[in-house]
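Enquirer: Next up is a structure, given as structure tokens.
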């Protein structure tokens, strides 16, 4: 009886595994289809039947996307903004998280609550006043302007604080006994301990910033200052009905983040679960 | 402790200062300003006269605002619960797999989440293209007439909801997987010894133990989808943005296309309050779940 039940269990288990696999392939199919279409010459793209592989694979769409749009400039803008936001955000958040976790100072609890509370504020409601602020600072159409409102990620401070909280108090006490300076303790003892968290959060912060749409879209009006995420949607006219060219631009825009994920799969998933408040 | 507490305070101030400065400038100040100009008739840039509650009272008979609220609610309805259930099903399927195979299958489900919204837009705009989209070939093959999905009043929001579920499910799947992993294997082994069926195991063990994660995913999704803008804006290219109006789109239209900063701010405050209320509820819910678990 027991053996039969186990067999039934295995049979259905096999079916479920097969279904999951088929579902996964269907799920990712539009991505595959987008990439494949971008490798087809114009006449093949619009053929009225389904061809899962290009007859004559070509890079001509990529070449024309690069030469007829300002995609190079968009790339530079995206890299500059994403790297800038990541470095600044990670740095200031780590300092702040460390201070709240390890030091005693007046206003510490109030600051912590302020950070927790800002978690719930929808930044998309602030677009009007972000725009006014950045315009008054004269930073529209500039990297600094795109970066400024994106520098606040309360989640990162929260993750750092929780991480520093877990470090045994003995470390700090021993260092204080040795008369190490406060900055020495942070940079020589605590920072090397959390390279794993720092890398994971940096990758995720980079991906978030690279993917940001609403604010970069509002704060930039000059084509050559756009980030790639915005740029590829703003120049439809340049492509006319050349779908394949548009798709090749999309592939170029998605490539860095897709690669970042595929190379650091574990770190990315770890950081994302951490940022949702679950310890994976 | 030997350390002088004044030094400690000074160091803390130096460490907190950079964040605090940016926080006050780019977060607190705009928030305060948003509330302030919502009581004025200010344009996007520049000062305005105090008009009291006028901007809010006008929302009451503003058909476009009503449509925005209704569409946002409709969109939330179509994404939050269905998206969470789909993510849960996928997570249950993926969690049964082992090792390298599991990470490959997970990657297939997760990749869309990692992509920028504009890439998601271009891919789906192409897949569902009325003339050449591969989905239309499938419809032809099934004998169903083609639909210009993103030009149609009826299909626009459901289609954008579907694309959004596809795009954001990866995140929920990760949370569910983390939740499933934290359920002790012994419980399942005991259930297997008892010859309990797959469905009973799920209903009696997995579902109740996973509930804290499920409620977290639901509320994160709810907050995220209330703020829908990017997809609606992008898929409306060449279509009917006014029919597809949602709350953030309305803020954008009022402020940036009609130059009415004050009126836009009133809509922004409404959204702000809505999201804060939902977040507070979420927080309470989580605390409640935590207490029950102890």
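Enquirer: Once the principal axes of the Cα atoms of segment B:77-236 are found, what is the range along each, listed largest first in whole angstroms?
Expert: 56, 36, 29
Enquirer: Same structure, new question: Would you mind computing, in nm to one decimal, how far apart the modelled labels at residue B:281 and residue A:162 are, each placed 7 Å from Cα along Cα→Cβ?
Expert: 2.4 nm
Enquirer: Now, a different point. Note down the relative contact order for segment A:167-280 as a percent, whole number, built from C-alpha pairs under 8 angstrom at least six residues apart.
Expert: With pairs under 8 Å counted, the relative contact order is 28 percent.
Enquirer: Taking each residue in A:109-122, count the Cβ atoms of any other chain within 10 Å of its Cβ, then average. What number comes out?
Expert: The per-residue average across the peptide is 4.
Enquirer: Shape verdict for segment B:234-279, please, from the Cα gyration tensor: rounded (a/c under 1.5), prolate (a/b greater than b/c) or oblate.
Expert: Here segment B:234-279 falls in the oblate category.
Enquirer: For chain A, state what percent of all Cα-Cα pairs lands in each successive 10 Å bin, counting from 0 Å until the bin that includes the largest distance.
Expert: That works out to 6, 20, 24, 22, 15, 9, 3, 0, in percent per bin.
Enquirer: Please work out the FRET efficiency for the pair residue B:21 and residue A:179, using the Cβ-Cβ distance as r and a Förster radius of 30 Å; give the result to the nearest 0.05.
Expert: Efficiency computed from Cβ-Cβ geometry: 0.50.
Enquirer: Okay, next question. Need one value for A:58-67: mean number of C-beta atoms belonging to other chains within 10 Å of its residues' C-beta atoms.
Expert: Mean number of neighbouring Cβ atoms from other chains: 0.
Enquirer: Also, quick follow-up: With n ≥ 4 as the cut-off for DSSP H runs, can you work out [θ] at 222 nm for the protein assembly as shown, using -39500 (n - 2.57) per run divided by the number of residues, rounded to the nearest 500?
Expert: -22500 deg cm²/dmol
Enquirer: Let me ask another. So what is the relative contact order of chain A, in percent, for Cα pairs below 8 Å that sit 6 or more residues apart?
Expert: Result for chain A is 31 percent.
Enquirer: How big is the protein assembly as shown by Rg and Dmax over its Cα atoms, in Å?
Expert: So, for the protein assembly as shown, Rg and Dmax equal 25.4, 82 Å respectively.
Enquirer: If I stretch the segment between residue B:102 and residue B:6 completely, what's the gain in nm (0.36 nm per residue apart, minus their alpha carbon distance), one decimal?
Expert: So the chain would gain 29.2 nm between residue B:102 and residue B:6.
Enquirer: What nm value, rounded to one decimal, do you get for the distance between residue A:266 and residue B:14 when each label is placed 7 Å out toward the C-beta?
Expert: Once both label points are built, they end up 3.7 nm from each other.
Enquirer: Please list log₁₀ I(q)/I(0) at q = 0.11, 0.18, 0.25, 0.26 Å⁻¹ for segment B:67-146, using the Debye equation with identical point scatterers on the alpha-carbon positions.
Expert: Log10 of I(q)/I(0), two decimals: -0.50, -1.09, -1.05, -1.05.
Enquirer: Also, quick follow-up: What whole-number distance in Å separates the alpha-carbon centres of segment B:249-268 and segment A:109-183?
Expert: 28 Å
Enquirer: I need the P(r) histogram for segment A:2-61: all alpha carbon pairs, bin width 10 Å from 0 out to the longest distance, whole percents.
Expert: Result, from short to long distances: 20, 29, 18, 15, 11, 6, 0 percent.
Enquirer: Calculate the FRET efficiency for residue B:152 and residue A:76 from the Cβ-Cβ distance with a Förster distance of 41 Å, rounded to the nearest 0.05.
Expert: After rounding to 0.05, the efficiency reads 0.60.
Enquirer: Still on this model: Work out, step by step, the length gained on full extension between residue B:77 and residue B:273: first 0.36 nm times the residue separation, then minus their alpha carbon distance; give nm to one decimal.
Expert: Length difference between fully extended and current span is 68.6 nm.
Enquirer: Can you pull the mean other chain C-beta count within 10 Å for peptide B:178-187?
Expert: Taking all residues of B:178-187 together, the mean is 2.
Enquirer: Can you compute the FRET efficiency between residue B:288 and residue B:67 using 1/(1 + (r/R0)^6), with r the Cβ-Cβ distance and R0 = 30 Å? Round to the nearest 0.05.
Expert: Computed FRET efficiency for residue B:288 and residue B:67: 0.25.
Enquirer: Okay, next question. Is the shape of segment B:25-293 rounded, prolate or oblate, going by the alpha carbon gyration tensor and its root eigenvalues a ≥ b ≥ c, with a/c under 1.5 for rounded and a/b larger than b/c for prolate?
Expert: The shape class here is oblate.
Where a number appears in this text, it was derived from the coordinates with a stated rule and is not lab data. Note that this is a predicted model, so its numbers are computed, not measured. Note that we place each Cβ from the backbone using ideal geometry, even for glycine, and neighbour counts take in every protein chain shown.
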